[in-house]
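Structure record follows, encoded as structure tokens.
Please treat every number below as a calculation from the coordinates, not as lab data. Here the structure is a predicted model, which means the values were calculated and not measured. Neighbour counts are summed over all protein chains in view; Cβ atoms, including those assigned to glycine, are modelled from backbone coordinates with ideal geometry.
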Amino acid sequence: MRHFFKLAGFVVAFSLTSCNADAQQKDNYSVKIDSLVKATNPRSFNGVVFIQQNGKTKYEKAYGYVDFKKKAPLKISDRLSTMSIAKQITATLILQEVEKGTIDLHVPIRKYLPDFDYSWADTITVHHLLNHTSGLYSDDLKPNLKLKTGKEFSYSNVGYSVAGMVLEKQSGKTYNELVTALFKKCKMNSSSYPTETSCQLLTKGHTIRKDGTFKLNEKSDFNASNYFASHLIVTAPDLAKWNEALHNGKLLKPETYQLMTNYSTTATHQLFGKKPIGYGYGLRINDKADVYEIGHTGFHPGEGFTAVNLYYPKTKTSVIVMENVANENFEIAYYFEQEIRKIVMNSKLLK
């Protein structure tokens, strides 16, 4: 009998140890991400993953190549394009002007662009431009109204280009000057506005065609009018510094930050699931999930970049995934970004 109890005690102890090991394995987001990015179906991952919490790095790895032809390995410090994550940077700069009193969010932009050759300048406000309710779309580089202003969400890059024009006019500075100063304040020392010099440091993008072949994009087709909405040069660690500054009161007053993160319109995006979530100013606001989430995506198959920047205020956690590839098959374009987000959301990291 004595031996039985010893054996039983051993079995119980062994079972508890096994349960603890299983629990640790279940919550080991690092192992899960490592395994995920090795997958080749439905596509391959080529980029960087950076997770930071309370200023401390929790995960940082680069996978794949800088250049598919030369096979040089990608590094966590490589410079990549923000794509549409640039919108929150433009929005922040505009809100800083709002704090100075040089921009009113709810005044028609005709006040700031009196010579603008479009009648909709008499009704569209900066608020409409920032939260994609302007109804604007671009047709042969000419902004036109597609929907009635202020009524519904319609994602508009050209809307941010117009907002950028207001920003430069009212600040008296170029977007280059404003971004450069802002990045310096955030200590984003490896990030920059796209210039002829800085673009030489940018990792080249790859367009992945639907047939699986790729095109290396030697040069961006974007120009300065696109940068307000779609293209700044950053590293993943620098983007985490951006999150720390923006979401912790270092760039905007609390009441102004509330304007940015409150929302009056909703929209869906495949990264965040099938249900509509809020859109503030250059930020998607997910207050419907179990964990409050603020973020934005970036994607352009022609340029060859995919990016996701997520922030979880409760635990001050940044989850950043940036790729120098973009897939023409949009159904799988955000596959890894979606799966990494799920891994993190289901881990203890955000508890």
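Below is a table of values for the structure above.
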{"quantity": "Greater than 29 Å apart at Cα, pairs in LYS146/LYS275; LYS151/LYS274; LYS151/LYS316; LYS173/LYS316; LYS241/LYS351", "calculated": "LYS151/LYS316; LYS173/LYS316"}
{"quantity": "Size of electric dipole in the chain: Cβ of Lys, Arg +1 and of Asp, Glu -1, about Cα centre, debye, nearest 20", "calculated": "1280"}
{"quantity": "Reachable lysines, given that their alpha-carbon falls under 16 Å from the alpha-carbon of LYS215 and they are not under 8 places away in the same chain", "calculated": "LYS69, LYS70, LYS71, LYS204"}
{"quantity": "Distance from the range 62-122 to the range 152-220 (C-alpha centre basis), Å", "calculated": "6"}
{"quantity": "Listed residues LEU93, ILE343, TYR65: farthest to the positive end of the dipole of the chain (Cβ charges)", "calculated": "ILE343"}
{"quantity": "Using θ = phi - 60° and Karplus 6.51 cos²θ - 1.76 cosθ + 1.60, couplings along the range 291-301 (whole Hz; Gly, Pro as x)", "calculated": "10, 4, 9, 10, x, 7, 10, x, 7, 7, x"}
{"quantity": "Rounded to 10°, Cα long-axis angle of helix 2-26 versus longest principal axis of the chain", "calculated": "20"}
{"quantity": "Cross-link partners of LYS56 among aspartates and glutamates (Cα-Cα below 17 Å; sequence separation of 8 or more within a chain)", "calculated": "ASP238, GLU244"}
{"quantity": "Cα-projected label distance for SER198 with LYS169, points at 7 Å along beta-carbon direction, nm", "calculated": "2.4"}
{"quantity": "Relative frequency of Cα-Cα separations exceeding 29 Å in the range 17-166, percent", "calculated": "47"}
{"quantity": "Cβ-Cβ FRET estimate between THR57 and ASN248, R0 fixed at 25 Å, reported to 0.05", "calculated": "0.90"}
{"quantity": "ARG209 versus ASP115: modelled label distance in nm, points set 7 Å from Cα along the beta carbon direction", "calculated": "4.5"}
{"quantity": "Between helix 335-345 and the chain: long-axis angle, C-alpha atoms, 0 to 90°, nearest 10", "calculated": "60"}
{"quantity": "Label-reachable residues, the range 245-279, where backbone N falls under 15 Å from a point 7 Å from GLU152's Cα toward its Cβ", "calculated": "265-268, 276"}
{"quantity": "Crossing angle, helix 86-100 versus the chain [Cα axis fit, 0-90 degrees, rounded to tens]", "calculated": "60"}
{"quantity": "LEU105-LYS38 pseudo-label distance in nm [points 7 Å out on the Cα-to-Cβ vector]", "calculated": "4.7"}
